[in-house]
Structure formats: structure tokens, C-alpha cells
1. Take Ser100 and decide whether it is at pLDDT 95 or above and closer than 17 Å to Ala215 by Cα.
2. For segment 198-227, what are the residues that are within 14 Å of ligand 1 (Cβ to nearest atom) and of a type in the set (Val, Ile, Thr)?
3. Of the conditions (1) at positive phi; (2) within 16 Å of ligand 1 (Cβ to nearest atom), Met182 fails just one. Which one is it?
4. Against the definition (among the charged types (D, E, K, R), surrounded by 14 or more Cβ atoms within 10 Å (Cβ to Cβ), within 13 Å of ligand 1 (Cβ to nearest atom) and modelled with pLDDT under 95), how does Glu65 come out, yes or no?
5. Give segment 134-145 a look and list any residue that's exposed (fewer than 15 other Cβ atoms within 10 Å of the Cβ) and touching a residue at least 24 places away in the same chain (Cβ under 8 Å), or say none.
6. Of the residues that make up segment 93-102, is at least one surrounded by fewer than 16 Cβ atoms within 10 Å (Cβ to Cβ), among the hydrophobic types (A, V, I, L, M, F, W, C) and at positive phi?
7. Looking at segment 87-99, is at least one residue part of a loop (DSSP other than H, G, I, E, B) and in contact with a Ser or Thr (Cβ under 7 Å, 6 or more places away or on another chain)?
Amino acid sequence: MKIRKQIEAVALEAGKIILSADSIQAATDKKSGHANFVTEYDKKVQEFLFEKLADVLPEASFVGEEEGAESFREDYRKGYAFVIDPIDGTTNFIKAYRPSVTSIGLLLDGKPYIGVVHNPYQGVTYSAERGKGAYRNGIRIHSSKEPLSRSLFSMGTAPYYEELTARSFRIAENYLHRTMDMRRSGSAAWDLCLLAEGITGLYYELRLGLWDFTAGAVIAEEAGCVITDIDGKPLTYDGPSSVLAVSAGVAGESYLPEV
Ligand code: IPD
Ligand code: CA
Ligand code: CA
């Protein structure tokens, strides 16, 4: 079986663990940063993914949110490296606000290669492989051709970094006046998939971990989106970064924040 299909199968199994969750509040601990929580399920799903994905590519290294891997190791740039967020949208998960997704990115020699994002609540899986297009439940998807003025935008609030709040909302106000309206899903990976599918035209967040955006970035790019940091510079895939991603339609105009 091709690597992408094997990763999708593992993501579907991980989704079953997420759906089996009960007493989430009781299984919740605080991490560092404002309102940053982790549940027993984040850890359980990550352990499951590490084990099953090692069967898919035994030679791969692993970067996972729940091992506190803030620092990027040079060996992640050689060969395969999985970049995993077991549950993206943990606050949603705790509050039963949907969605929460499993996000599995794969770097090859430091460059984004495969992305799989699975939402078990809706039974939706987005996936992409570099040069092979992006898919939603196996059907090819393309980003929107609409201009910014006729698009929705979504944003993440960088909730664990209070020093970024004021700028995040200044940019939101700016885009609110340049688009149809704003949405906030609570999952960066999901936001990138909605952009890839043509539902939104722009997404940004001032700080994300590598595991938040790697899988979604492959999916968005393969759907025709352009993804950079908030200043329009290329992403380096070697640690946390701001992210600004736009549809093919919006990429044709000047779309950087004007504040
Ligand atoms: C968070 C979500 C959220 C985004 C945060 C992320 P987590 O991931 O993607 O949408 O605003 O910046 O950290 O903590 O739920 O895995
Ligand atoms: Ca995340
Ligand atoms: Ca997470």
C-alpha cells in the first residue's frame, strides 16, 4: 500500500480513540502558557500514532506535540520525519465544541511531503502528497478562485501567547473590513483544510507549532493555496512560526495584513 494510504488508515484508527473519550474534564492537566491544557487522550493518541506509524516507516523520526518537542533537531531534515498533532483542537475537545482532528505531516529531507488530517466526528479525511494533488475523502479538491472581498477568512488567536493577542486582533479587524466575515474553528489543521477545499479564502495565526501546520500546509498547497509566514516569507519547517495561507484566487492580489 502507498505510504499516504497507510497513514490515512492509521489516522482513522486514531479517530476511534478520540470518539471513545468520556470524562474528558477529569482527564485534563494544565500545560505551560495561557489556558493550554492536555488530556489523557492527547497522550494516548500520540502513543498510538508513534507505534503504528513506526510500522509504516521504521526509519522515520518523530516530532510530536505531547513530548514537548519545542526544539527542532537537525536529523529531522534527513530522510523521513513525522510531525504529529494527536488532537488538534484540544480546547474544543474538552468543551465538546467541534471539530478536533488528528494531524499527521511527513517531511522528506526537511520539506513537506505528505499531509493527512482526519476529523472523526464528521468522518472526513483530507490528504495530500507533494505533486499529487489534495483530496477530501478521496475526491480531488481545489482552493477558491474568489477574490478576498468575496471570501470568508479564518484566524487562530495564538491563545497560549498573550503577548500576541493585540496584534492578532488588529490584523483580524483589518481583514474583517476586506472580506465577507471571519470564522474561528479552534483547530489550525482544520482551518487549513477548509481553505484547501475552497470554503475560506485566507487563514492566519501569529504562532503555531510545526505539528499544527505541517499536514495542513501540504494539503493547502496541493489544492493551489500559497502558504507563508505572516510577512509573506517562505515557511522553513524547522519549528514554531506564524502562518498566512491564501487560496489561489486571493494569491493573485495583494493580501498581506495592512497593519
Ligand atoms: C491549537 C489549535 C488552535 C490554535 C492554537 C493551536 P491544540 O492546537 O490549532 O486552533 O489557535 O494556536 O495551538 O493546542 O489544540 O493542539
Ligand atoms: Ca495543535
Ligand atoms: Ca494538540
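The values are calculated or read from the model by the stated rules, or taken from the named source; none is laboratory data. Here the structure is a predicted model, which means the values were calculated and not measured. Cβ sites come from the backbone with ideal geometry, for glycine too, and all protein chains shown count toward neighbours.
1. Against the criterion (at pLDDT 95 or above and closer than 17 Å to Ala215 by Cα), Ser100 qualifies.
2. From segment 198-227, those within 14 Å of ligand 1 (Cβ to nearest atom) are 200, 203-217; that's our starting set.
Thr200, Thr214 - these are the residues of segment 198-227 that are within 14 Å of ligand 1 (Cβ to nearest atom) and of a type in the set (Val, Ile, Thr).
3. Of everything listed in (1) at positive phi; (2) within 16 Å of ligand 1 (Cβ to nearest atom), Met182 misses just condition (1).
4. Criteria met by Glu65.
5. Listed by number, the list holds a single entry, Lys145.
6. Yes.
7. Here is the first cut: in segment 87-99, the ones part of a loop (DSSP other than H, G, I, E, B) are 89, 96-99.
Keeping just the survivors that are in contact with a Ser or Thr (Cβ under 7 Å, 6 or more places away or on another chain) gives 89, 99.
Checked against the condition, which is being part of a loop (DSSP other than H, G, I, E, B) and in contact with a Ser or Thr (Cβ under 7 Å, 6 or more places away or on another chain), segment 87-99 yields at least one hit.
Residues are listed down the side, and each one gets a yes or a no for (1) within 16 Å of ligand 3 (Cβ to nearest atom); (2) surrounded by 24 or more Cβ atoms within 10 Å (Cβ to Cβ); (3) under 26 Å from Glu162 (Cα atoms):
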| site | (1), (2), (3) |
| --- | --- |
| Arg184 | no, no, yes |
| Ala188 | yes, yes, yes |
| Asp191 | yes, yes, yes |
| Leu206 | no, no, yes |
| Ala215 | yes, yes, yes |
| Glu221 | no, no, no |
| Cys225 | no, yes, no |
